[in-house]
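Chemist: Here's a structure for you.
The values are calculated or read from the model by the stated rules, or taken from the named source; none is laboratory data. Please read all numbers here as calculations on a predicted model, not as lab measurements. In this analysis, Cβ positions are derived from the backbone assuming ideal geometry, glycine residues included, and neighbour counts consider all displayed protein chains. Accessible surface areas use protein heavy atoms only, side chains included; no ligands, DNA or RNA. Shrake-Rupley method; radii C 1.70, N 1.55, O 1.52, S 1.80 Å.
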Amino acid sequence: MGISTQTDEQWMQYAIRLAQRAEAQGEVPVGAVIVKDEQCIAEGWNRPIALHDPSAHAEMLVIRKAAEAVQNYRLGDVTLYVTLEPCVMCMGVLNQARIKRLVFGAYDLKRGAVCNALQLADAAFLNHRIDWMGGVLESDCARLLQDFFKKRRQ
């Protein structure tokens, strides 16, 4: 859990733009990008409605694309940037993919599986530890979600 760098904020801005794509398509606005050697190797956003797939979270889609890009299901030397703290399903896949580093924006107090509802990043039973940092551009990421759900309730 390190201090946010300018680079982390730049990649989170990129993830926010991807989240806005999700929102434009009527999906919950969550965006994700995977970076290897300071280069984007995959990007994605929430698409469960469009794909008729409950597992089509931004993290799941971007991990699939990154694994295809590097031709390996293990992604041990990448950073995943995502606008919302991952859920339990996504944390399971991050662990299986051996993601080295996770950076997320908004905390999810009810369903977050990194450090909130569950603390899977530090779970003793997992065989892989993910270096993680939350709260990068947190207010921007949270506002996207708050505004989306406020509009949906109207």
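Chemist: Please find, within segment 83-117, the residue that is most open to solvent (accessible area, probe 1.4 Å) out of those that are assigned to a loop (DSSP other than H, G, I, E, B) and over 24 Å from F148 (Cβ atoms).
Modeler: Taking the candidates together, the pick is K100.
Chemist: Another one. How many residues, within segment 1-25, are modelled with pLDDT under 95 and closer than 16 Å to H57 by Cβ?
Modeler: Matching residues across segment 1-25 total 0.
Chemist: I've got another one for you. L80 passes all but one of (1) hydrophobic (A, V, I, L, M, F, W, C); (2) open to solvent by less than 40 Å² (accessible area, probe 1.4 Å); (3) not in a strand (DSSP E or B); which number fails?
Modeler: (3)
Chemist: Within segment 129-144, restricting attention to residues that are closer than 12 Å to V114 by Cβ and aliphatic (A, V, I, L, M), which residue is surrounded by the most Cβ atoms within 10 Å (Cβ to Cβ)?
Modeler: The selected residue is I130.
Chemist: In contact (Cβ under 8 Å) with a residue 12 or more places away in the chain and more than 17 Å from W45 (Cα to Cα): which single residue out of L144, L80, L120, L94 fits that description?
Modeler: L120
Chemist: Any residue at all in segment 63-77 that's under 10 Å from the mean Cα position of the chain (by Cα) and either within 22 Å of S139 (Cα to Cα) or crowded, with 16+ Cβ neighbours inside 10 Å (or both)?
Modeler: yes
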